[in-house]
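What follows is a set of notes on a single structure, which appears directly below.
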C-alpha cells in the first residue's frame with residue numbers, strides 16, 4: 001500500500017493513500033487497526049481526496065514511522081487480512097484501555113451503579129473495580145511524594161476511597177472517584193476541543209481546489225497548490241491559499257482568521273486568507289503562501305508548539321491547598337478519636353480544595369487561549385496570559401506599530417515662482433531615481449499619483465546620511481536634509497517658519513535646492529494608523545496607567561506624535577540597545593511592562609519585557625522573541641488580547657471562589673457531625689470542581 005506525506009507537524013501528519021479512496025471496507029479496517037495502536041490519539045479519513053489524518057503522541061513518532069513502514073510493502077489483500085487479524089487479536093487489556101480512553105467515565109459509572117446495590121455478590125465484585133478506578137489517583141499521590149517529599153490533595157482522595165472500602169461503605173468512595181474522573185474528563189474534553197478548534201483551520205488542505213492552467217480551470221488537491229497558482233474560488237467554498245484577489249468580488253467569512261463577526265467584501269487588489277469561506281460571489285486569487293506557510297498554518301503551528309503553562313495563581317493556590325492536607329488529616333483523625341465516629345473522619349478527608357484548583361485553572365486557560373487564537377491572537381502560554389492581564393505599562397515601537405511603517409509625501413512647498421510644485425516634485429523624484437530608501441520611494445509614489453513627469457536623470461552623487469545631488473534636465477539639484485543644504489552653502493533661513501510649523505505637527509522635511517538656491521520643502525510623514533489613538537484610549541480604560549513610545553526619530557517629531565496619540569511618555573533617538581535599557585529601567589521602578597514591536601531592532605526589548613507582543617508583519621526573529629503574536633495587522637487585536645487575558649484571570653478567580661466557598665461549606669457541615677453524610681460531603685466538595693470547570697469552558701463555547 002503506497003502513501004506519501006502531504007503535511008506534517010509535531011503530533012499531526014496527513015498522508016495521501018490512493019487505495020483508501022477506492023476501497024471503503026479496507027479503509028475502515030485500516031482505521032480500526034490504527035486506532036488500536038499505542039500512541040495514536042485519533043485517526044480519520046477524508047474519502048474524497050483519499051487522505052489520512054493522524055494525531056499522535058509526539059513522543060511516539062519513531063513508533064508511528066515503524067507502523068507505517070510495516071504496511072507499506074504489503075498488497076491490499078494482505079493489508080486487509082493483517083489489519084483485521086490484528087484488531088481481532090488485540091489483547092483484551094489493550095481493548096479495555098482503548099475503550100477506557102474513548103469513554104473514561106464508563107468504569108467509574110459502572111462502579112457507582114453497583115455501589116447502590118445491597119446484593120453481597122455485587123458488593124464483592126465492586127470492591128476490586130472501585131480500587132482499580134482509584135489507582136491513577138493513588139499513583140499521582142505517590143509520584144508527588146516520591147519526587148517532592150510532600151503530601152498533595154491526591155493523598156486525601158486516596159485515603160477517602162480506601163477508608164470507604166475498609167468501612168464497607170463503597171458509595172462515598174465511588175462518588176468521590178466518579179466526580180474526580182468527571183472533572184478530569186471535562187478538562188481533557190476542553191483540551192480536545194481546543195485542538196479540534198485549531199486543527200479545523202487546516203481543513204482547507206484536505207479539500208480540492210480549482211486553478212487556472214493552460215487556459216482551462218481544473219481541479220487539483222489543495223495540498224498540491226504552489227505559490228503563483230491562480231486559484232478560482234466559488235460560493236460556499238473555502239479559500240485554500242493566502243493571496244491577492246486579481247479578479248472578481250466576494251463576501252468572505254473571515255471569522256476563523258481575524259475574529260470578525262460579520263462577513264467582509266473583498267475585491268481586486270485586496271488580500272484573501274486560507275481557511276476563510278466565500279458566502280457570495282466568485283474570485284480568482286493569486287497564491288502567495290500555501291500550506292503551513294499560510295496565516296492559518298502559522299496559527300496552528302504556534303498554538304500546537306505553545307505550552308499551556310501553569311499560572312502563578314494556579315501554583316500558589318495548589319500549594320496552599322496542598323498545605324491544608326496535613327492539617328485536614330490531623331483534624332479528621334483527632335475528631336474521629338474524640339467522637340469515635342469514623343463517618344466524621346471520612347467526611348473530613350473527603351473535603352478537597354485541590355481537585356477543583358487542579359481541574360478548573362487549566363480548563364479556564366485552555367478555553368481562553370483557544371478563544372484568543374480563533375480571534376486572531378496567539379498567546380503562547382497561560383503564564384503569559386496572566387502577565388498580560390497584570391501589566392500596567394505598555395511600550396510601543398513607533399515605526400510599523402503605531403504607524404504603517406512607510407513614509408508618505410504630504411505636500412510640496414515651492415519658494416521659486418518659476419518652478420511649480422509639480423515641476424519641483426518631478427526634479428526631486430528624478431534625482432532620487434536610483435535610490436531605494438523609503439523616502440525616495442515616497443517621492444516617486446507621490447509623483448505617480450499626481451501624474452507628474454519625471455525627467456531623465458544624469459549622473460548623481462549620493463551622500464550617506466545627507467542627500468543626493470546632480471544634473472537633472474539642465475538643472476543642478478540638491479535633495480536632502482538641512483545639514484546637507486548648509487554643507488553645500490545653500491541658505492535655508494527663509495524656510496524657518498515653515499519648518500517650525502511642520503516640526504510642531506510631527507512631520508519631517510526634505511529640502512530641495514535648484515542651481516544653488518533653496519527651491520522648496522517636501523513635508524513627509526510615516527502615516528499614523530487610524531486606530532492608534534482610540535486603541536490607546538481603550539487601553540487606558542482597561543487599567544493601563546502608562547503608554548510609552550520608543551522611536552529613533554528626533555525629539556521634535558516624537559513629541560508631536562506623542563501628543564497627537566495621547567501617549568503618557570516618549571523616548572526619542574533610540575537605538576535597539578537603548579530600547580532594552582528603557583524596558584529594564586521601567587521594570588526596576590516597579591512597572592509591569594508589555595512591549596509591542598515589529599522589527600528586528602525590537603527583539604531585545606521584546607525579550608526583556610514581562611510580555612513581548614509582535615505585530616503580524618514582524619520579522620521571524622521578532623515572532624520568536626514575542627510571547628503574544630497579533631495575527632492581523634491591527635492594533636485592535638492588542639486590545640482584544642488584553643481583554644481576553646483579563647477575562648481569563650477573572651474566570652480563574654471566579655472558579656477559585658466556587659471551590660473555596662463550597663468546600664468550606666462542606667467542611668463546616670461535616671465538622672459538627674451528623675449534619676451531612678460522607679456521600680453528601682463528596683457531592684458538595686468534588687461537585688465544586690465540576691461547577692468551576694463548566695464555568696471555565698465558557699470562552700471556548702463562544703466559538704463552537
### Summary
Per-residue Cβ contact counts at 10 Å, fewest first, order 542, 112 as 542, 112
### Query
Okay, which of the range 643-667 sit inside 16 Å, backbone N to the point 7 Å along the Cα-Cβ direction of residue 698?
643-659
### Query
So how far apart, in nm, are the two label points at residue 589 and residue 270 if each is 7 Å from Cα heading toward Cβ?
4.3 nm
### Query
From a point 7 Å beyond the Cα of residue 650 in the direction of its Cβ, which residues of the range 372-389 have a backbone N at a distance under 14 Å?
389
### Task
Could you check the simple spin-label distance between residue 554 and residue 135, using points 7 Å along Cα→Cβ, in nm with one decimal?
7.7 nm
#### Entry: Gain upon complete extension [residue 496, residue 230; 0.36 nm per residue less C-alpha separation]
90.4 nm
### Query
Efficiency by 1/(1 + (r/R0)^6): what FRET value for residue 533 and residue 144, r their Cβ-Cβ distance, R0 = 51 Å, to the nearest 0.05?
0.50
### For the range 405-528, projected area of the alpha-carbon convex hull averaged over all directions, nm²
7.1 nm²
### Query
Mean separation of Cα pairs under 8 Å and 6+ residues apart, divided by the residue count of the range 405-528: what relative contact order is that in percent?
31 percent
### Query
On full extension of the chain, what length is gained from residue 208 through residue 411, given 0.36 nm per residue of separation minus the C-alpha to C-alpha distance?
68.1 nm
### Mean separation of Cα contacts under 8 Å, 6 or more apart, over the residue count of the range 226-289: relative contact order %
52 percent
### Query
If you rank 627, 253 by fewest surrounding Cβ atoms within 10 Å, what's the result?
253, 627
### Task
Kindly put 178, 145 in sequence by how many other C-beta atoms sit within 10 Å of each C-beta, fewest to most.
145, 178
## Note on the structure
Per the 1/(1 + (r/R0)^6) rule, R0 = 30 Å and r from the Cβ atoms of residue 616 and residue 505, FRET efficiency to 0.05 is 0.55
### Query
If r is the Cβ-Cβ distance from residue 166 to residue 279 and R0 is 60 Å, what FRET efficiency results, to the nearest 0.05?
0.40
### Message
Can you tell me how the range 226-289 classifies by the Cα gyration tensor, rounded, prolate or oblate, using a/c under 1.5 as the rounded cut?
### Response
prolate
### Task
With label points built 7 Å along Cα→Cβ from the Cα atoms of residue 578 and residue 125, find their separation and express it in nm.
8.0 nm
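Read the figures in this text as sums done on the coordinates, not as results from a lab. Quick caveat, the model's predicted, so the values are computed rather than measured. Virtual Cβ from ideal backbone geometry, glycine too; neighbours counted across all protein chains shown.
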